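The values are calculated or read from the model by the stated rules, or taken from the named source; none is laboratory data. Because the structure is a prediction, the values reported are computed rather than measured. Please note: Cβ atoms are built from the backbone with ideal geometry, for glycine as well, and neighbour counts cover all protein chains shown.
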Amino acid sequence: MDHDGPGDEPAPGDDDDAGPRPDPSGAFGLPGFGPTGGFGDLGVFLQGLTQMLSGSGSGGSWDAAAQLAGSIASRGAPEPNVDPADRMAVEQLARVAELHVAEATGRSTDAPVRLSPLNRSQWAKSFLHDEQDLLERIAGSLGRALQSQLGSIDTEDLDPQSTPFGMTPDALIRQVMSMMGPMLLGMMAGSTAGHLAARALSHYELPLPRQADQPLSMVLSNVDEFAEEWSIPVDSIRLWVCLSDVTHHQVLTIPHVRDHLTTLLRTYADGFVHDPEVLDERLRALGLDDVLTSGEPDLAAVQQLAGDPDLLLGAMQSPEQRVVMARIQTVVAAVEGYVDVVLDTVGSRLLPDYQRVTEALRRRRVEFGPEARFVERIFGLELSQSTFDRGAAFVEGLVERAGTPVFDVLWQDPTTLPTEAELDAPGLWLARVGVESDSPGPGEDDLDGIDVPDTLPDDWS
C-alpha cells in the first residue's frame, strides 16, 4: 500500500551521501567515547561530537539520530526493502484482523486500518518521526540535569595543558555544556529507536501513542526470524502481530485515552532531577560521582554505568516522576489487559496454534534484558509480567461481571479510566461507574463496607 509516511523514505545508511556516520564501536556510537578509550582524550571526544552534530541545531541532531538509529537497527549491514508479495500478504492479514477485532469488541476505528511492513531501519525512522516531541522532552530534561552537574565542576582541578584546541578549562566546560543538548538528543533518540527496531515486531512495541494518521508498521524480518526460531508458521506470527497492533490502535487512538496518556508521559519526561547537589549525593551513593564530576572519570565507574545505565536513570528520577510513573502504569496495564483479553478471544478462533504462539510471544516479552528495560523506563514504562497480569485480571473481571458491552464504558471518557486501586478490584470500578455486576469476583462479593467514590480524586490525572 502506497503512502507518504516516513516508512517509504530510504532507510538511514542506504545513501552514500548521507553524511558522516557515527562509529557504532564507541558508546552511543560516538567515536573516541567507547570502553577502550574511556573519557581521557577530550579532544577526540569533542571532535567526534562536532562531526556527529555538524548541523548543531535541531535538524542536525535528528539527522545524527537517524544515522545512529539506522546503524544500530540494521547491525551495520545493508537492508533490502520488503518484498511486494510479503507486503500484500501482510496487508490482507491486517484487514482480517481489523474485521475480527471490531466484531469481538463491538468497537471500530474511525478510518480503515493500514499496515505497512518495514525493514528495521525504516521502522526506527518511523518511530523517531512519531515520538519526536517525547524524545526531545526526555533529552532536554536529562540534558538540563547533566548540564547542572557540569556547571558545578571546579575548573581549578582541570589541567589547562590537557584541554583541546587551546581552550581554557572554563571555555571547555561551556563548550561541552552548549553541545550537551544536541549530543543527548542525537545519542538518546537514535540509540533508543535503533535498539527498539533491532528487536521490535510491531508498531506498538511500546504502548506509546503514535501518529494516528500514519499506517501501522511491522518489522517483517524480526517477525519472520522469531517464527523460525520457535518453529511456528510465519503466517501465524504475522496474524498475531496484526491482531495485537489493531487492538492497541483501537484504544490508543481514542482521543481522551491518547491525550491522557500523552500528558502523563510528557510530565514524566520533563521531571528528571536538576539539582546538582541532589544528583551529586545520589551518584556518590552509587559510587558513580566520578562519571560526571571529574575531568578524568574513573574508567571502572564508566564501565559499570555502561553495563547498567539504569543506575544513572534511577539517580536522576525525581519523587514526582515515581508518582506519575504509577499513573502511567495504571493506564498501560488497562490497555494491555484489554489487548490480551481480545487476543485470547479472537486469536483462539483464528489460529489453531494460538496457545503455542501466545506462549512464545509472552515469554519473549518477559525475557528482555537490562538494555530493553532501560529503554522502557526512560519513557516511564515498567512492562513487567505483573503489569500485563494485573491488566488482564482487571479486564477479565469486568467481562465476567458485565460482558463485553462494558468496553464501551471503560473507554467512554477520562473519568471511566480505572484508578490504581480499581485495577486490582474490578468490582470497585463497576460500582463507581454505575455498571451492574452479574457475579462478584473472589473477595468482592460484599462491597457494602467499602467506601466507593462517586468521582475521581481531584489530583487524579
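Numbers for the structure displayed
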quantity	calculated
Members of region 372-386 that are of a type in the set (G, A, S), on the phi < 0 side of the Ramachandran plot and either at pLDDT 85 or above or in contact with a helix residue (DSSP H, G or I) (Cβ under 6 Å, 6 or more places away or on another chain) (or both)	S384, S386
Condition broken by L239, with the remaining ones in (1) surrounded by fewer than 22 Cβ atoms within 10 Å (Cβ to Cβ); (2) modelled with pLDDT of 95 or more satisfied	(1)
G403 being closer than 21 Å to D340 by Cβ and at pLDDT below 95	yes
Residue within region 90-109 that is farther than 16 Å from D245 by Cβ, in a loop (DSSP other than H, G, I, E, B) and modelled with pLDDT under 80 present	no
Qualifying residue in region 170-186 (condition: of a type outside the set (D, E), at pLDDT 65 or above and in contact with a strand residue (DSSP E or B) (Cβ under 9 Å, 6 or more places away or on another chain))	no
Flag for G397 being buried (at least 18 other Cβ atoms within 10 Å of the Cβ), part of a helix (DSSP H, G or I) and touching a Pro at 6+ places or on another chain (Cβ under 9 Å)	yes
Check on R137, outside any loop (DSSP other than H, G, I, E, B) and without any contact (Cβ under 8 Å) to a residue 40 or more places away in the chain	no
